[in-house]
1. Which residue pairs have Cβ atoms closer than 7 Å, lie 6 or more positions apart in sequence or on different chains, and pair a first residue in the stretch 176-195 that is over 20 Å from Thr258 (Cα atoms) with a second residue that is open to solvent by 10 Å² or more (accessible area, probe 1.4 Å) and charged (D, E, K, R)?
2. Mind listing whichever residues of the stretch 200-250 are assigned to a loop (DSSP other than H, G, I, E, B) and within 16 Å of the ligand (Cβ to nearest atom)?
3. Has the stretch 192-206 got at least one residue that is over 23 Å from the mean Cα position of the chain (by Cα), at pLDDT 95 or above and within 23 Å of Leu179 (Cα to Cα)?
4. If a residue has to be in a loop (DSSP other than H, G, I, E, B) and either touching a residue at least 24 places away in the same chain (Cβ under 8 Å) or crowded, with 23+ Cβ neighbours inside 10 Å (or both) to count, how many in the stretch 121-138 make the cut?
5. Is it true that some residue in the stretch 410-422 is among the hydroxyl-bearing types (Ser, Thr, Tyr), open to solvent by less than 10 Å² (accessible area, probe 1.4 Å) and on the phi < 0 side of the Ramachandran plot?
6. Would you call Glu186 within 15 Å of the ligand (Cβ to nearest atom) and either open to solvent by 30 Å² or more (accessible area, probe 1.4 Å) or at negative phi (or both)?
Amino acid sequence: MTVLIKNGRVIDPANNIDAPKDVLIDKGKIKAVESPGKISTGDLKNSSTIDAKDCVVCPGFIDMHVHFREPGFEYKETIESGCQSAAAGGFTSVAVMPNTNPVNDTRSVTELMLSLAKTKGIINVYAIGAITQGLAGERLSEMADLKDAGAIAFSDDGCPVMNNELMRRAFEYSKMFKLPLIQHSEMLDLTEGGCMNEGTVSTELGLKGMPVEAEDIMVYRDIALLEKTGGRLHVAHVSSRNSVDLVRQAKAKGLPVTCEVAPHHFILTDEAVRGYDTNTKMSPPLRTRKDVEHIKEGLRDGTIDIIATDHAPHDITDKQVEYQNACFGIVGLETALPLTLKLVDEKIFSMSDAIKKLTSTPADIFNLNAGNLSLGKGADISIFNPDFKYSINVSKFHSKSKNSPFDGWQVKGKVLHTLVRGKIVYSAAEN
Ligand SMILES: [Zn+2]
């Protein structure tokens, strides 16, 4: 079976391509990327054609930070529904966080997740193992076992590793296994009971704040430990201006630090909380305009390596409660592209740089065999129309959960087809 994708603008940052090209896929792999009209399927059997006129054709997006809730919280999301949501957003690879029930802190849970992904998932799923047993922050997990079972990184996301000595040992071990540690940076003793950013808005609303220093201090500590132990640190969802500055300084020193930002942290500020919409409650919380400006500068100058959604599905019963009692987090897979394209419109970065942060850079950081359209590679491809205008409608989300603050937003940029190993796993026309 061969597929010809023609008339598109191919953007493949890893190979420095941004030009009108046709792409030929054969037996699930990239067979040719040529100037328009050069590839003929006339003599090819079983061929189909996708017309990508007005569209960008690029490597499938990679999201290194999602919560698919299985095992344990299948009413919020399953690996199957999460994969469908990802495909609808143009993602062909995701990495699932370990805060499931049971926690992914042992070989058997990693194996279960990966086998569910294989049988029920329509995209590539990678597993992130826990740093500590039960995410309790007391004893390290069996990192060797987790790696053996297929874990590609370690994180206690949602439950930051507070203990300094334990974190130091985690760096030492993860270094032996050559896998990065992903930290959710938050000093819990500073944020206890808080539900939004601490500042003038929280004071006006009468909500308990989470001070920005809670994030800054942990980023600083982790970089300080890393400098001593070696290993690799990936800072999850940076949201504060000081975090961006600290990562920039660490990179200037040559330390192996990378970081990600979630779209909501470069689109929204804590002003969005004023309506008490619990879909504006996430951790880290939405910060101030000044923080957002620093984040955009970090994206522009490369301090922020990648964009990751922190897709955190929650049921309506977790969110239709008083603001302080609502769960943290929002779904992100089906809104990431149009929100990222807003920054392309603002000229924060080019289309190619935006795609790079969603494809080849995450693949490089986490050592994944994905993220480019090199000849012979598995044909994981996203095809989107960057100018297609529509309004976000959460009721149409493929995710089981609808907790998004972007419902009703007018946006630009729609995924039309997603292919995994040459097979169409999502088409907008059918939905
Ligand atoms: Zn987190």
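The values are calculated or read from the model by the stated rules, or taken from the named source; none is laboratory data. Only a predicted model underlies this, so the values are computations on that prediction, with no experimental measurement involved. We place every Cβ from the backbone using ideal geometry, glycine too, and count neighbours over all the protein chains shown. Side chains included, ligands, DNA and RNA excluded: accessible areas come from the protein's heavy atoms. Shrake-Rupley method; radii C 1.70, N 1.55, O 1.52, S 1.80 Å.
1. Here the result reads Leu190/Glu213; Gly193/Lys208; Gly194/Lys208; Cys195/Lys208, each pair linking the stretch 176-195 to a residue that is open to solvent by 10 Å² or more (accessible area, probe 1.4 Å) and charged (D, E, K, R).
2. In the first step, residues of the stretch 200-250 are kept if they are assigned to a loop (DSSP other than H, G, I, E, B); the result is 206-208, 211-212, 230-232, 236-240.
Listed by number, the residues that qualify are Val212, Ala236, His237, Val238, Ser239, Ser240.
3. Within the stretch 192-206 (the criterion being over 23 Å from the mean Cα position of the chain (by Cα), at pLDDT 95 or above and within 23 Å of Leu179 (Cα to Cα)), the answer is no, since none of the residues qualifies.
4. In the first step, residues of the stretch 121-138 are kept if they are in a loop (DSSP other than H, G, I, E, B); the result is 121-123, 130-131, 136-138.
If we keep only those that are either touching a residue at least 24 places away in the same chain (Cβ under 8 Å) or crowded, with 23+ Cβ neighbours inside 10 Å (or both) as well, we get 121-123, 130-131, 137-138.
Final tally of qualifying residues: 7.
5. First, the residues of the stretch 410-422 that are among the hydroxyl-bearing types (Ser, Thr, Tyr): 418.
If we keep only those that are open to solvent by less than 10 Å² (accessible area, probe 1.4 Å) as well, we get 418.
After this cut, where a residue has to be on the phi < 0 side of the Ramachandran plot as well, the list is 418.
Yes; the residues of the stretch 410-422 include at least one that is among the hydroxyl-bearing types (Ser, Thr, Tyr), open to solvent by less than 10 Å² (accessible area, probe 1.4 Å) and on the phi < 0 side of the Ramachandran plot.
6. Numbers: within 15 Å of the ligand (Cβ to nearest atom): yes; either open to solvent by 30 Å² or more (accessible area, probe 1.4 Å) or at negative phi (or both): yes.
When the stated conditions are applied, Glu186 passes them.
Okay, residues lined up against (1) at pLDDT below 95; (2) open to solvent by less than 50 Å² (accessible area, probe 1.4 Å); (3) in a strand (DSSP E or B):
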{"residue": "Lys45", "(1), (2), (3)": "yes, no, no"}
{"residue": "Ile50", "(1), (2), (3)": "no, yes, yes"}
{"residue": "Cys58", "(1), (2), (3)": "no, yes, yes"}
{"residue": "Phe68", "(1), (2), (3)": "no, yes, no"}
{"residue": "Gly82", "(1), (2), (3)": "no, yes, no"}
{"residue": "Ala95", "(1), (2), (3)": "no, yes, yes"}
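Each row is one residue, and each column tells you yes or no for (1) within 16 Å of the ligand (Cβ to nearest atom); (2) farther than 20 Å from Pro180 by Cβ.
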{"position": "Leu44", "(1), (2)": "no, yes"}
{"position": "Val56", "(1), (2)": "no, yes"}
{"position": "Met64", "(1), (2)": "yes, no"}
{"position": "Glu70", "(1), (2)": "no, yes"}
{"position": "Glu74", "(1), (2)": "no, yes"}
{"position": "Glu80", "(1), (2)": "no, yes"}
{"position": "Ala95", "(1), (2)": "yes, no"}
{"position": "Pro102", "(1), (2)": "no, yes"}
{"position": "Asp105", "(1), (2)": "no, no"}
